[in-house]
Amino acid sequence: MPGGGVSHQSLLIGDFSESEPSALAAELEQRFGRSNVRRAPGAVDALGAIGAGWYADVALVWQRTPGEFSAADADRLLGALPLARWLVCLGPWCISAGRAGSAWPPAVRVRFRETLVRLRRELGVLEGRVQPLPLTAGRDEVALWLHGPSDGAASPLNGFAVGIFSPDPAVRLWLGELLSASGCTLVDFDPQAPPQTAVDAAIIDVDPIDERALQAVGSASAAVPVIAVSSWSHAEDERRLRAAGATAVLSKHAGSGPLLEALVRTSGRGATRRLCHK
């Protein structure tokens, strides 16, 4: 790793020439150096490379279609590199893999649009900044690992006033606990009404993404920076939300890291936009 004096290696399994996974390959080549990143088009080639005495610290699988890798393939690959940080990036055709069954355990599966964020978190494990997620972790453990405060990145947020708006009590509870643990001050917030106390930023749950959600973002963004969170959004949805005034559009599934990072970026300008309407 750059500056760390330790050389790491990575194995890419699948066709990473496509547009979606190419950014993942570029991230690893930038971090590790191109000569330390090997590519294998499928499970057989990957097992051949490992069997020849080569090892990888990070193994990244690009799965384009359901059933592309069998359960036997997954077992052999995971067993061949038991200490590696594994990630299986599920392409657009594999989004329902977790519900419909999958050859891969929950701890390594990640949706393709959230893989880059997850990859950077796994790199934090190699750097000793993040506690590793066990390969045997279940869904609940994965959720706690992803959505809890992680590596101290939230320290600049002490005293940062954040308003939360969501019709979902579970989302409000998660956001409230996360932000409180990160040093934020929670503020009652309604996007359709002027804030009665000072607010530095607002997080708005935009599910479902419809005209009401766009209006909520537009109304709130007239007063404070708005971060929109959604269970699933397409590029067109993100474009509409940003056009309505959102400074960031994030997936709820991506974990706490991207949300806290977005708030830290917002906090740099929060002092100039700290408003209190009477």
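The values are calculated or read from the model by the stated rules, or taken from the named source; none is laboratory data. None of these values were measured; they are calculated from a predicted model. All Cβ positions, even for glycine, are placed from backbone atoms using ideal geometry, and neighbour counts span all protein chains on display.
The selection criterion, being surrounded by fewer than 18 Cβ atoms within 10 Å (Cβ to Cβ) and at pLDDT 90 or above, holds for Pro82. Does Trp86 meet the test of being touching a residue at least 40 places away in the same chain (Cβ under 8 Å) and touching a Gly at 6+ places or on another chain (Cβ under 9 Å)? For Trp86, the condition - touching a residue at least 40 places away in the same chain (Cβ under 8 Å) and touching a Gly at 6+ places or on another chain (Cβ under 9 Å) - is not met. When region 34-61 is limited to residues that are touching a residue at least 12 places away in the same chain (Cβ under 8 Å) and assigned to a loop (DSSP other than H, G, I, E, B), the one that is nearest to Arg120 (Cα to Cα) turns out to be Asp57. Of all residues in region 62-77, those that are assigned to a loop (DSSP other than H, G, I, E, B) and of a type in the set (Phe, Trp, Tyr) total 1. A count restricted to region 49-75 and to residues that are touching a helix residue (DSSP H, G or I) at 6+ places or on another chain (Cβ under 6 Å), surrounded by fewer than 16 Cβ atoms within 10 Å (Cβ to Cβ) and modelled with pLDDT of 90 or more stands at 0.
Which of the residues spanning region 197-245 are of a type in the set (D, E, K, R) and in a helix (DSSP H, G or I)? Correct list: Glu211, Arg212, Glu236, Asp237, Glu238, Arg239, Arg240, Arg242. One residue alone among Ala222, Ala193, Ala181, Ala216 is among the aliphatic types (A, V, I, L, M) and in contact (Cβ under 8 Å) with a residue 40 or more places away in the chain, and that residue is Ala216.
Does Val249 satisfy the criteria of being surrounded by 19 or more Cβ atoms within 10 Å (Cβ to Cβ), assigned by TED's automatic domain parsing to the domain that holds Gly128 and within 17 Å of the chain's Cα centre (by Cα)? Walk me through how you get there before you give the answer.
Working: surrounded by 19 or more Cβ atoms within 10 Å (Cβ to Cβ): yes; assigned by TED's automatic domain parsing to the domain that holds Gly128: no; within 17 Å of the chain's Cα centre (by Cα): yes.
For Val249, the condition - surrounded by 19 or more Cβ atoms within 10 Å (Cβ to Cβ), assigned by TED's automatic domain parsing to the domain that holds Gly128 and within 17 Å of the chain's Cα centre (by Cα) - is not met.
Given the condition under 26 Å from Arg129 (Cβ atoms), part of a loop (DSSP other than H, G, I, E, B) and either assigned by TED's automatic domain parsing to the domain that holds Pro132 or not β-branched (Val, Ile, Thr) (or both), answer yes or no: does some residue in region 165-182 qualify? Checked region 165-182: at least one residue is under 26 Å from Arg129 (Cβ atoms), part of a loop (DSSP other than H, G, I, E, B) and either assigned by TED's automatic domain parsing to the domain that holds Pro132 or not β-branched (Val, Ile, Thr) (or both).
Of the residues making up region 10-32, none is more than 23 Å from Gly91 (Cα to Cα), part of a loop (DSSP other than H, G, I, E, B) and in the same structural domain as Val110 (by TED's automatic domain parsing).
Ala248 meets each of the listed conditions (1) free of Cβ contacts under 8 Å to residues at least 24 places away in the same chain; (2) in a helix (DSSP H, G or I) apart from (2). Arg269 meets the conditions (1) at pLDDT 85 or above; (2) among the charged types (D, E, K, R); (3) more than 23 Å from the chain's Cα centre (by Cα); (4) within 30 Å of Gly124 (Cβ to Cβ) in every case but one. The failed one is (1). Of all residues in region 62-83, those that are in contact (Cβ under 8 Å) with a residue 40 or more places away in the chain, of a type in the set (A, V, I, L, M, F, W, C) and either closer than 12 Å to Gly42 by Cβ or not assigned by TED's automatic domain parsing to the domain that holds Arg38 (or both) total 2.
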